[in-house]
Structure formats: structure tokens, C-alpha cells
Amino acid sequence: MKAIDYLVEEHDEILLFTNRLEKECLKIIEDKIINEDFFRASIQFIREYADGVHHKKEEDILFKYMEENLGVAAGKLVRSGMLVEHQLGRSYCLGIEENLNAYLSNFDKLSLLQIVVNAMSYVNLLREHIKKENTVVYPFGENNLSEEIKERIESESLELKEKEKELMDRKYELKKIIFKEQ
């Protein structure tokens, strides 16, 4: 299914981002300095692209059809696994933002530590989450959904992809900020 191929490609981009985020956390540990522009762009990348584009397609299209058509096992996999992890990622992103704001207002070490903790929690979560989706969730859907449902997924994914073009320009701008200092 092309829709799943696109999701896997998006995973590759998100993994590149997690690698960059990890490098920035190491810089904080080594230099005790935070790159505000990088972290602001990272928060936007997470919210607008990883969550707003990628997770939206999973939640609103693929996971919806898996839950509706593949029974209890799919429901548990989606509800108790993937959706919980999506929400956990959102929580880590909020933690990065709140602690970045706190650090920039008073430069306390605890806020700096919490930026690293939340960022690395996000990195580790997403790496494991992506591995599960690529090796378990997507193949389960692809192997068990009917051809009719797969066609609906393809159609809805293509329709959403057309709407995302504006966001892709924004993603490109964010990636320029995120990847400028390596």
C-alpha cells in the first residue's frame, strides 16, 4: 500500500530528527548552553509535522480502519499501544516547551535538566514506537485489511496528502533551522 510506504518515509524523516535532537541534548550536557532557535523549531516540527501530519494520518485513517475492521486485537494494539504513545509524545513535547520557557526566564539548572529529560524521552519513545509501527502495526493492517478498505485508505491518504502541501513548505523551513548546526 502506498499509504503505508508514505508513512514509513515519514518515519525516516522523524528518525533523522530524533538523531539531531539527541545531538542537541548532548551539547546541552557538554556546554550547559541551550540553542533556543533549535528547540523552538523542534517543538514546531513535532507539533506540525510528526503529530499534525504523520500521526493525523495514522489516527484519522489507518488506525480508524484497523479498529473498525480487524477486531479486538487491532483495537487493543491501536488504543492501548499506538494512541497512548502518541499522547505520551505530545506530553514530552509540552515538557520541552514548558521547561524551555522556564529556563529562559530564570536560567535554573533544573529546567535545563528537564529539557534534556523530556527531549530524550521523546527520542527514545519515537524510536521504539516507529520500530513497532513499521514491523508490527503496518504489516498487520496491510496483511489483514480487505482490498476495499485498503482502497479507501489510499484515497483518503492521497486526499490528505494534497492538503498537506502548505505544511510541507513549513516543514522545509523548520528543517533548515533544525539541521543547520551539526
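Counting the residues of region 73-101 that are under 12 Å from the mean Cα position of the chain (by Cα) and of a type in the set (Lys, Arg) gives 1. The single condition from (1) under 17 Å from Glu159 (Cβ atoms); (2) in contact with a Cys (Cβ under 6 Å, 6 or more places away or on another chain) that Ile46 fails is (1).
The listed residues are Tyr65, Tyr92, Tyr138, Tyr49, and the only one of them that is in contact with a Ser or Thr (Cβ under 8 Å, 6 or more places away or on another chain), among the aromatic types (Phe, Trp, Tyr) and open to solvent by less than 60 Å² (accessible area, probe 1.4 Å) turns out to be Tyr92. Do we have Ser121 as open to solvent by less than 30 Å² (accessible area, probe 1.4 Å) and either touching a Phe, Trp or Tyr at 6+ places or on another chain (Cβ under 6 Å) or within 28 Å of Phe38 (Cα to Cα) (or both) here? No; evaluated as a whole, the condition is false for this residue.
Scanning region 16-26 for residues that are out of contact with any Lys or Arg (no Cβ under 7 Å at 6 or more places or on another chain), surrounded by 15 or more Cβ atoms within 10 Å (Cβ to Cβ) and either within 30 Å of Phe140 (Cβ to Cβ) or not hydrophobic (A, V, I, L, M, F, W, C) (or both) yields Phe17, Arg20, Leu21, Glu22, Glu24. Filtered by the rule that a residue be aliphatic (A, V, I, L, M) and open to solvent by 60 Å² or more (accessible area, probe 1.4 Å), region 27-42 gives Ile29, Ile33.
Quickly run through region 26-45 and pick out the residues that are part of a helix (DSSP H, G or I), over 14 Å from Cys93 (Cα atoms) and among the hydrophobic types (A, V, I, L, M, F, W, C).
Selection gives Leu26, Ile28, Ile29.
Looking across Glu162, Glu156, Glu151, Glu181, one residue alone is farther than 24 Å from Arg20 by Cα, at pLDDT below 95 and surrounded by 12 or more Cβ atoms within 10 Å (Cβ to Cβ). It is Glu156. Residues that are within 14 Å of Val137 (Cα to Cα) and basic (Lys, Arg) within region 58-106 comprise Lys64, Lys76, Arg79, listed in sequence order. Only one of the numbered conditions (1) of a type outside the set (S, T, N, Q); (2) under 17 Å from the mean Cα position of the chain (by Cα); (3) open to solvent by 20 Å² or more (accessible area, probe 1.4 Å) is violated by Leu104, and that is (2).
The values are calculated or read from the model by the stated rules, or taken from the named source; none is laboratory data. Just so you know, these numbers come straight off a predicted model, no measurement behind them. Positions of Cβ are backbone-derived with ideal geometry, glycine not excepted, and every protein chain shown enters the neighbour counts. Keep in mind that these areas ignore ligands, DNA and RNA; they rest on the heavy atoms of the full protein, side chains included. Shrake-Rupley method; radii C 1.70, N 1.55, O 1.52, S 1.80 Å.
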